[in-house]
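Working notes, structure below.
Every number in this text was worked out from the coordinates using simple rules, so none of it is lab data. Here the structure is a predicted model, which is why all the values come from computation and not from measurement. Positions of Cβ are backbone-derived with ideal geometry, glycine not excepted, and every protein chain shown enters the neighbour counts.
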Amino acid sequence: MENSPELSPRKKTILYSAIDNYIKLASPITSLLVQQTELHDLSTATLRNELNALEAMGFLKQPHTSSGRVPTTKGYRFFVNETLKDIKCNRKNLSEIKNEMFSRSTNLSEIVEAISKVVSTRTQYPTVFMFDGFENLLVQGIKTIFLLNNQILVLIETNVGAISNTILANKSVTKQDCDNASQVFTSIFGGKNISFLTQNMGNFSLSIKKSMKEYEGIFKLVLQVLDVYYNKTKSKVSNFGIIKLLENKELKNVENAKNILNILDDDERLKDLMEIKENCDGISVNLGDEVEMGKLNDCAIIKTPLVLDGRRIATVGVIGPERIDYANIASVLKFVSDELKNKLDKGGKYGKGK
């Protein structure tokens, strides 16, 4: 929802102040508090009238007749749109994140773990890493390494990190077969995305059948490793901030807590929640009443795509209460997204220094 044109500058200022204070204080907002923190020159009577008007317009509500007001989802949407117009990262305060993200690991699973952990630690809320563009990862090399007892280490190097697994091969496979297959696979699939690799096995076999036939069994092992990896890691949830999330007064009742925990444990529901429009390349926010899944009232999902070479490879997001520090979380997500993109666009090997 776009910012409502019916709001005067004064009403916008009052609403912004009311929501900002509610996020910080977690208690209903009164006209006196708005006067003390923002509009010192206006009387409490004038501010009370303005708050009444904002309530009538659906931006605020009163939990109890004699209490102050709290934001509605419509009010939060106004606040979010205003707050996220021009998110700037405090690069000095966030620079240490780079050390945590760019560790020495080049394993894709550990990289995903590091990103999820650093976002969750910085925001203090659960983080979801969704591989909704896994097929867009670029293959840089494929190695099949012959081990003892007919086991093969499959190592698929991508532009973000390496996917690897040890798998049992047919007894007829030799070390030379593995060495040759590594060269063939890398020469053909290097620089191509994973979807090309997984979707063109048939065409590949037909076009160079003579040279491929002896490696077909090994190639199927490569596809098997990819399939297993994707199904195990298509969504990664960092539960670091679960306790803090459930400590929010909006989510303290048992039913709300169960709903949140169930969603964080359900890949399909997480996939729906983390969906981002194709043309979105910035911060996106869904608020409880806007999410067509129910059982997420009073919650917010703040997310951003991770884009490399113009293609989205993943989405990372934070789940928290509607009363959440949107600017801080958006800043962390933007910093992580920008740093990952800058690191890899410069040809840096993820996990190899700053």
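What to note about this one:
- Across region 135-233, Cα-Cα pairs farther apart than 24 Å form 14% of the total.
- Dividing the Cα radius of gyration of the chain by 2.2 N^0.38 Å, with N the residue count, gives 1.23.
- Note on the chain: dipole from Cβ charges, positive end direction compared against Val160, Gly310, Val228; the farthest Cα belongs to Val160.
- Residue pairs exceeding 21 angstrom between C-alpha atoms, taken from Lys303/Lys341; Lys220/Lys341; Lys232/Lys341: Lys220/Lys341; Lys232/Lys341.
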